[in-house]
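Peer 1: Encoded as structure tokens, here's the structure I'll be asking about.
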Amino acid sequence: MKLSPRWKEFLLLIAASIIPFVGWVSVDLARVGRVVAGNVIYPLCMVAMFIVAHLVLRLLRPDTDPVVFPVTAALCFMGIILLFRLNDHMARLQLIWMGVGLAAMLGLIAWLKDYRILARYRYTLAVAGLVLLLSTMLPFISKEVNGARLWLVLGPLRFQPSELAKIFLAIFFAAYLADKKELISAAGRSVLGFRLPRLRDLGPLLTMWAISLLLLIFQKDLGSYLLFFGIFLAMIYVATSRVSFVVVGLLLFILGATLSFFDFAHVQDRVTVWVDPLD
């Protein structure tokens, strides 16, 4: 019997739901040597939120991809369990924000009947994304945490504008590549079996590389550099199927990472911690 996309999603979600329960038991045993029954509220709330969201998705989008949502759930589950291991209060806050995020997702899906409408506002979203990224450079409202300047503080509210900027920039590049992919894929000179892109076609790639490098330099955040550039490189490969773009992108990444490692002490610290986290 062939399963519908929603049933596939449900079964994958049930499989992912094992993660928070195993994590709850493992963390309790590691911290106090026994299972604390009251802490079951964490995995129960996590799984309940995603099950409810799944049921709503069945009504709103019955034919969407069945894999993305369970994978997202698994990542959220692992993240909150890691926070639970470090700090109960942080885990509770993240659990609340996860619920807010799921509600916002469902509201957006219900309101946005056709996602292709977003392509009309690609440049507006691109500017908004860049403004959000640069906002962490503003005095008085930006805050440096653990050596990285990623946070905006507005009264009791504290958030990372880069999280929203990632979405805006991803929409911009998706719309740009949807329009230009045929031109970019067909143009260029073939060398040793690789069709090398023209310099003007590398404009978006070089722009994203420069933005990512500036993030690393001024915000002192290695993770954002990797994520922003990695997202765009994956998108441009999916749009064009051009291996040459991946090769050029990886070379640019290696160049930027190497220069940053030798020029900035905080990057050296991050690499050293990654190489030997237990030291």
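The values are calculated or read from the model by the stated rules, or taken from the named source; none is laboratory data. It should be emphasised that the depicted structure is a prediction, and the values quoted were computed from it without experimental measurement. All Cβ positions, even for glycine, are placed from backbone atoms using ideal geometry, and neighbour counts span all protein chains on display. Only protein heavy atoms, including side chains, enter the accessible area calculation; ligands, DNA and RNA are left aside. Shrake-Rupley method; radii C 1.70, N 1.55, O 1.52, S 1.80 Å.
Peer 1: Look at Val238 and say whether it is assigned to a helix (DSSP H, G or I) and more than 19 Å from the chain's Cα centre (by Cα).
Peer 2: Considered against the rule, which asks whether it is assigned to a helix (DSSP H, G or I) and more than 19 Å from the chain's Cα centre (by Cα), Val238 comes out as no.
Peer 1: Can you tell me how many residues in the stretch 117-129 are exposed (fewer than 11 other Cβ atoms within 10 Å of the Cβ) and within 21 Å of the chain's Cα centre (by Cα)?
Peer 2: The total comes to 0.
Peer 1: Determine which member of the set Leu44, Leu102 is more than 26 Å from Ala175 (Cβ to Cβ) and of a type outside the set (Ser, Thr, Tyr). Outline the logic, then answer.
Peer 2: Working: Leu102 fails: more than 26 Å from Ala175 (Cβ to Cβ).
Only one candidate passes the filter, namely Leu44.
Peer 1: For the stretch 14-42, enumerate the residues that are over 26 Å from Leu55 (Cα atoms) and either of a type in the set (A, V, I, L, M) or in contact with a strand residue (DSSP E or B) (Cβ under 9 Å, 6 or more places away or on another chain) (or both). Spell out how you get there, then give the answer.
Peer 2: The initial filter retains those residues of the stretch 14-42 that are over 26 Å from Leu55 (Cα atoms), namely 25-38.
Within the stretch 14-42, Val25, Val27, Leu29, Ala30, Val32, Val35, Val36, Ala37 meet the criteria.
Peer 1: For the list (1) modelled with pLDDT under 90; (2) outside any loop (DSSP other than H, G, I, E, B); (3) of a type in the set (A, V, I, L, M), I need the number of the one condition that Leu13 fails.
Peer 2: Result: Leu13 passes all but (1).
Peer 1: Report, by residue number, each residue of the stretch 2-13 that is of a type in the set (A, V, I, L, M, F, W, C) and either surrounded by 15 or more Cβ atoms within 10 Å (Cβ to Cβ) or in contact with a His (Cβ under 8 Å, 6 or more places away or on another chain) (or both).
Peer 2: Within the stretch 2-13, Phe10, Leu12, Leu13 meet the criteria.
Peer 1: Which residue pairs have Cβ atoms under 6 Å apart, sit 6 or more places apart or on different chains, and have a first residue in the stretch 9-22 that is touching a residue at least 24 places away in the same chain (Cβ under 8 Å) and a second that is assigned to a loop (DSSP other than H, G, I, E, B)?
Peer 2: Glu9/Pro66
Peer 1: Follow-up. Could you grab me the full set of residues in the stretch 55-77 that are within 18 Å of Leu3 (Cα to Cα), free of Cβ contacts under 8 Å to residues at least 60 places away in the same chain and open to solvent by less than 30 Å² (accessible area, probe 1.4 Å)? Steps first, please.
Peer 2: Residues of the stretch 55-77 that are within 18 Å of Leu3 (Cα to Cα), as a first pass: 55, 57-59, 61-70.
With the extra rule that they be free of Cβ contacts under 8 Å to residues at least 60 places away in the same chain, the set shrinks to 55, 57-59, 61-64, 67-68.
If the condition is that a residue be within 18 Å of Leu3 (Cα to Cα), free of Cβ contacts under 8 Å to residues at least 60 places away in the same chain and open to solvent by less than 30 Å² (accessible area, probe 1.4 Å), then Leu57 is the only one that fits.
Peer 1: Find the residue count for the stretch 33-48, including only residues that are under 18 Å from Met90 (Cβ atoms), part of a helix (DSSP H, G or I) and of a type outside the set (Phe, Trp, Tyr).
Peer 2: Of the residues in the stretch 33-48, 6 are under 18 Å from Met90 (Cβ atoms), part of a helix (DSSP H, G or I) and of a type outside the set (Phe, Trp, Tyr).
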